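Following: one structure in structure tokens, then a few remarks.
The values are calculated or read from the model by the stated rules, or taken from the named source; none is laboratory data. These figures come from a predicted structure and were not determined experimentally. Don't worry about glycine lacking a Cβ; one is built from the backbone with ideal geometry, like all the others, and counts go over all protein chains shown. Heads up: the accessible areas ignore ligands, DNA and RNA and are worked out on the full protein's heavy atoms, side chains in. Shrake-Rupley method; radii C 1.70, N 1.55, O 1.52, S 1.80 Å.
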Amino acid sequence: MKANVYVTLKQEVLDPQGDAVRRALGALGFDDVKRVRVGKLIEIDLEGADEAAAKEELASMCEKLLANPVIEDFRFELEK
Amino acid sequence: MQIAVIQFPGSNADWDALHAARDVLGADARYVFHKETDLGSPDAVLVPGGFSYGDYLRPGAIAGYSPIVPALRAFAKKGGPILGICNGFQILTELGLLPGALTRNQHLRFECRMVHLRGEAEGAFTHGLAGQVIRVPIAHADGRYQCDAETLKALEGEGRVAFRYCDAQGNVPASPDEVDAEGLRLNPNGSLAHIAGIYDASGRVLGMMPHPERASEALLGSADGFTLFQSLAQHLETAR
């Protein structure tokens, strides 16, 4: 089973990197870009086949290490 | 006086911390490798700067699961003084020993220069520093202190802000972009409320982005940072 974990900055947390990307896109002529937020995609291969157990495990991984709850949100999806 | 300096893979200010504690302060200071599970019996612990585990995932995130960490937590719990400098501050926030988080500098620059700090809270490392201005170096790309409004209120209300970025006279910036005579931002990273360092609720665990150990003797351009080490010695003396 493969999991995609998305870790993103909370909406209220400033993202200077995203702002820099937005300005660069503007400089390239993409004038309609209003806002950019840069996050992380973490791909994880899991050995088990139990979807419920995998979800529980992934949530625990995110809470313990993959995301910092002070500044980040997380979500994940499973691919079979 | 025994001082432990924790070494992580990627620590690069471990030697600076050991030098300040051992050679300048005269303490019995030694390294403790991150793979050890026992700190020994130090009177204080320094968590040095650097880029532990290459800053992978987030600065300080992976160091938070090192074998030495349970011993560090236990040391904090029994009231032992801990100073986390730069990456050490990031690690202490990741461990939850200090609130908030350090994020990318607002202007996306790695800032490596001298700054002025105004001492505020009294604590194990800052006896006599309230209202004083010290000049110490910074060297970081992820030093913007952030926390939620409730945490900030608690830090301010409980007098736990140890240091704020300021000008040479001790005035905090009137605006986030205020610059000094050389055109350098007084608040180098966009930290919330110009915060450079904070204490935990006990006043014994201090985290700060600037490097006092790199300003521990005149030869290094400033000896102002040594006051933190002297304060620690005084704190341990009175606690004895």
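Of note:
- Set side by side, the residues B:PRO48, B:PRO59, B:PRO81 differ, and just one is closer than 19 Å to B:MET208 by Cβ, within 14 Å of chain A (Cβ to nearest Cβ) and touching a residue at least 60 places away in the same chain (Cβ under 8 Å), which is B:PRO59.
- Take the conditions (1) open to solvent by less than 40 Å² (accessible area, probe 1.4 Å); (2) under 13 Å from B:LEU57 (Cα atoms); A:GLY39 misses just one of them, which is (1).
- Residue match in the range B:118-134 (condition: more than 17 Å from B:SER222 (Cβ to Cβ) and within 14 Å of chain A (Cβ to nearest Cβ)): no
- Yes/no for A:GLU77 being over 19 Å from B:ARG144 (Cα atoms), at pLDDT 95 or above and open to solvent by 70 Å² or more (accessible area, probe 1.4 Å): yes
- Note on the range B:151-166: among residues that are assigned to a helix (DSSP H, G or I) and without any contact (Cβ under 8 Å) to a residue 40 or more places away in the chain, the one that is most open to solvent (accessible area, probe 1.4 Å) is B:LYS153.
- Single unsatisfied condition, B:PRO188 versus (1) open to solvent by 30 Å² or more (accessible area, probe 1.4 Å); (2) in a loop (DSSP other than H, G, I, E, B): (1)
- Residue check for B:ARG144: of a type in the set (Lys, Arg), within 24 Å of B:ILE82 (Cα to Cα) and away from chain A (no Cβ under 14 Å): no
Okay, residues lined up against (1) more than 18 Å from the chain's Cα centre (by Cα); (2) at pLDDT below 95:
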position	(1), (2)
A:MET1	yes, yes
A:VAL21	no, no
A:VAL33	yes, no
A:VAL36	no, no
A:ASP45	no, no
A:LEU66	no, no
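- Within the range B:100-115, residues that are within 13 Å of another protein chain (Cβ to nearest Cβ) sit with their Cβ atoms under 7 Å from residues that are outside any strand (DSSP E or B) and among the aromatic types (Phe, Trp, Tyr), at 6+ positions apart or across chains, in these pairs: B:LEU102/B:PHE89.
- Subset of the range B:135-148 (residues that are over 18 Å from A:VAL13 (Cα atoms) and open to solvent by less than 10 Å² (accessible area, probe 1.4 Å)): B:VAL136, B:ILE138, B:HIS140
- Checking A:LEU14 against (1) more than 27 Å from B:GLN146 (Cα to Cα); (2) in a loop (DSSP other than H, G, I, E, B); (3) within 14 Å of chain B (Cβ to nearest Cβ), the condition it does not meet: (1)
- Yes/no for B:GLY203 being in contact with a Lys or Arg (Cβ under 7 Å, 6 or more places away or on another chain), part of a loop (DSSP other than H, G, I, E, B) and within 26 Å of B:LEU95 (Cβ to Cβ): no
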